[in-house]
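The values are calculated or read from the model by the stated rules, or taken from the named source; none is laboratory data. None of the values given here were measured: they were computed from a predicted structure. Methodologically, a virtual Cβ is constructed for each residue, glycine included, from the backbone with ideal geometry; neighbour enumeration extends over all protein chains shown.
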Amino acid sequence: MAEFSLELNEDQLQIQKWVHDFAEQVLRPAASEWDEREETPWPIIEEAAKIGLYSWEFIANVFADPQGLTFPLACEELCWGDAGLAMAILGSTLAVSGIAGNGTPEQIAEWVPQCFGTPDKIQLGAFAVSEPDAGSDVSSLRTRAVYDAATDEWVLNGAKTWITNGGIADVHVIVAAVDPELKARGHASFVVPPGTPGLRMGQKFKKHGIRASHTAEVILEDVRVPGSCLLGGKDKLDERLARAREGKSTKVQAAMSTFEASRPLVGAQAIGIARAAYEYALDYAKERVQFGKPIIENQAIAFKLADMKMEIDAARLLVWRACWMGATRKPFLNGEGSMSKLKAGEVAVKVTEEAIQILGGYGYVREYPVERWHRDSKIYTIFEGTSEIQRLVIARAISGVHIR
């Protein structure tokens, strides 16, 4: 088992610098343009694919780190560059998490590479859970999957919303209710292969932040997928449903297993945004002269920056702990994964707001990046579980009481 250490090894440092250089040289110069365009930044994804950053090999490499710290390092650096562009690059990993968390080794080998394609033929993945009437309440999913024994196919019907890469992805991973009476315990995950009839994009959303990342509805109308596209296989599903009907506990829930793996990584992304804003505000405060001296010489400004730095470092420690626990298979007995995402998301909102305050009027206009970072930060208190849901997870974990 890998010992927990705050001292990064040579491989981790090299990957951190490699991703940082890409963020500095490719993402930052393009960030404002793609934020205004609100379009999928295909040229940026292609640049990432050319150097191997957008690839299943890279994802496999970072997930193989026994300490679990390489991926959060990469996430932080990418979002330090720009969160919208970073999400365009990282969005496919949600589908990867869904496949890896629920699929067989054969399914993982077949579908994960197809979430990325090749530098010559870029492909995207999408992970679809949320619905118009089922956001935080995942147990209320209405999307149904019905088994057709005559053809060994599953038939999917329903609508998903707020889906990253929704409708434009090549590979969609859909969480659907197989037995609605069992609520969350009656869910299963399905891969919808490229070009499958009946899956289409609904409304594309115009968002407050991370606007270079595509977010849309996914409509499923009599979508038929082979039995082999049920992640984990039918035998395992039947066994799990039987245990649930008998009232026995089921260890794996299709959506929750993905969120548990990804929440600390989402926290790392939020830290990247916060760090970008803090560094920018620090540099500005040293250079901006008012009343004959740099504004950082005023306690009101200096103390803001001290708090910003402290909160960022505290959030990063929570993220690293959770990622290390996940990599070393230590159970999250106190909601440590949720703690990391909760803290980092709220720190990002607060730090970017304080950065605007330090810049004053300059912080509020689009010629300066801090207003964009503030807009980008807000989603980190909402997606992958709102701050309120994270507190609910933590409260239930520490109390053993089913708090509502």
For segment 267-300 the number of residues that are under 12 Å from ALA315 (Cβ atoms) and in contact with a Lys or Arg (Cβ under 7 Å, 6 or more places away or on another chain) is 3
Within the bounds of segment 372-390, is there any residue that is in a helix (DSSP H, G or I) and exposed (fewer than 15 other Cβ atoms within 10 Å of the Cβ)? yes
List pairs: first in segment 384-404 and at positive phi and assigned by TED's automatic domain parsing to the domain that holds GLU336, second among the basic types (Lys, Arg) and not in a loop (DSSP other than H, G, I, E, B), Cβ under 9 Å, 6+ apart or cross-chain? GLU384/ARG263; GLU384/LYS341; GLY385/ARG263; GLY385/LYS341
Criterion first (crowded, with 24+ Cβ neighbours inside 10 Å, at pLDDT below 95, in contact with a helix residue (DSSP H, G or I) (Cβ under 7 Å, 6 or more places away or on another chain) and not polar (S, T, N, Q)) does ALA322 satisfy it? no
Would you mind stating whether SER228 is hydroxyl-bearing (Ser, Thr, Tyr), over 30 Å from GLY247 (Cβ atoms), outside the structural domain of TYR380 (by TED's automatic domain parsing) and in a loop (DSSP other than H, G, I, E, B)? no
For segment 100-128 the number of residues that are modelled with pLDDT of 95 or more, crowded, with 23+ Cβ neighbours inside 10 Å and part of a helix (DSSP H, G or I) is 2
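Here is a yes/no grid of residues against (1) under 18 Å from VAL266 (Cα atoms); (2) in a helix (DSSP H, G or I):
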{"position": "MET1", "(1), (2)": "no, no"}
{"position": "PHE22", "(1), (2)": "no, yes"}
{"position": "TRP34", "(1), (2)": "no, yes"}
{"position": "ILE45", "(1), (2)": "no, yes"}
{"position": "ALA49", "(1), (2)": "no, yes"}
{"position": "TYR54", "(1), (2)": "yes, no"}
{"position": "PRO66", "(1), (2)": "no, no"}
{"position": "PRO72", "(1), (2)": "yes, yes"}
Return yes or no: is ARG211 surrounded by fewer than 18 Cβ atoms within 10 Å (Cβ to Cβ), touching a residue at least 24 places away in the same chain (Cβ under 8 Å), within 29 Å of LYS121 (Cβ to Cβ) and of a type outside the set (Val, Ile, Thr)? no
Which of (1) farther than 12 Å from GLU354 by Cα; (2) within 29 Å of the chain's Cα centre (by Cα); (3) basic (Lys, Arg) is the odd one out, the single condition LYS304 does not satisfy? (1)
Determine whether ASP21 is out of contact with any strand residue (DSSP E or B) (no Cβ under 9 Å at 6 or more places or on another chain) and under 16 Å from TRP373 (Cα atoms). no
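Residues checked against (1) outside any helix (DSSP H, G or I); (2) aliphatic (A, V, I, L, M); (3) assigned by TED's automatic domain parsing to the domain that holds ARG263; (4) without any contact (Cβ under 8 Å) to a residue 60 or more places away in the chain:
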position	(1), (2), (3), (4)
PHE303	no, no, yes, yes
MET310	no, yes, yes, yes
LYS330	yes, no, yes, yes
ALA348	no, yes, yes, no
ILE356	no, yes, yes, yes
